[in-house]
């Protein structure tokens, strides 16, 4: 019987057990294969908690499944992804700092203390990208990381920036912060792509 259970059935069982025991804690089932159930959370606190209770959680799941097929509960910590795009001539450092801090605060309100974030940006050495990188670097590296995406000007020429923007959006984000000065085509391009891909986008203008 256990061999006939699909990953969807296992994850549905997990969802039922989880909601019964832990209610609305921010944990998402990701997949099941070869006796291992993979779950993800954006909260570092819940990541630690899940690792501590993994054995008991497996036992609870096996009790409601047709056969005891869960051997291991693997826990992933998926940070909230904040995509920053902006003009290289952007000068208001405080606006970038405040926007990132507010986004992180909002994430902790939804997912709990200990929520990790990753700041994704285009690796421009000036303007909004540089300010976002500096802000992230000043934070506790346990909770805030940086993911720069430098444009490949050598191989892609003048279109490298737009290509890089599209790649950042394709990597996915939970939020896009766009810092646009004088109608910057690059920042506008990224913000438009983010919105077209259903990524919530907040625009700031200078």
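Taken together, the values in this text are just the output of simple stated rules run on the coordinates, not laboratory data. Owing to the predicted nature of the structure, the values given are computational and were not obtained by experimental measurement. FYI the Cβ positions are ideal-geometry reconstructions off the backbone, even for glycines, and counts take in every protein chain you see.
Dividing the alpha-carbon radius of gyration of the chain by the rule-of-thumb value 2.2 N^0.38 Å gives 1.23. As a rough footprinting exposure proxy, the listed residues 6, 145 were ranked by other beta carbons within 10 Å of their own, and the order from fewest upward is 6, 145. Taking the square roots of five times each eigenvalue of the Cα gyration tensor of region 61-152, the equivalent ellipsoid has semi-axes of 36, 15, 10 Å, listed largest first. Of all the C-alpha pairs in region 2-77, what % are more than 14 Å from each other? Cα-Cα pairs in region 2-77 separated by more than 14 Å: 56 percent. Largest GNM mean-square fluctuation across 39, 120, 17, computed for the chain with C-alpha springs under 10 Å, falls on 17.
Note on residue 56 and residue 7: with the Förster distance fixed at 22 Å, the Cβ-Cβ geometry gives a FRET efficiency of about 0.50. Taking other C-beta atoms within 10 Å as the exposure proxy, 149, 55 rank 55, 149 from fewest upward. Each of 203, 138, 81 was scored by other Cβ atoms within 10 Å of its Cβ. Arranged with the fewest first, they read 138, 203, 81. Comparing 21, 96, 169 in a Gaussian network model of the chain, where Cα atoms under 10 Å apart are tied by springs, the biggest mean-square fluctuation is seen for 21. Remark: relative contact order (region 80-205) = 32 percent; criterion is Cα-Cα distance under 8 angstrom and separation of 6 or more residues. Reducing region 43-113 and region 143-190 to their Cα centroids gives an inter-centroid distance of 24 Å. Of 187, 33, 123, which is the most mobile in a GNM of the chain whose springs link Cα atoms less than 10 angstrom apart? Maximum among the listed residues: 33. To the nearest ten degrees, helix 160-170 and the longest principal axis of the Cα atoms of the chain are 20 degrees apart. Helix 185-196 axis versus longest C-alpha principal axis of the chain: approximately 30°, rounded to the nearest ten. Principal-axis analysis of the Cα atoms of the chain puts helix 127-138 at an angle of about 40° to the longest axis.
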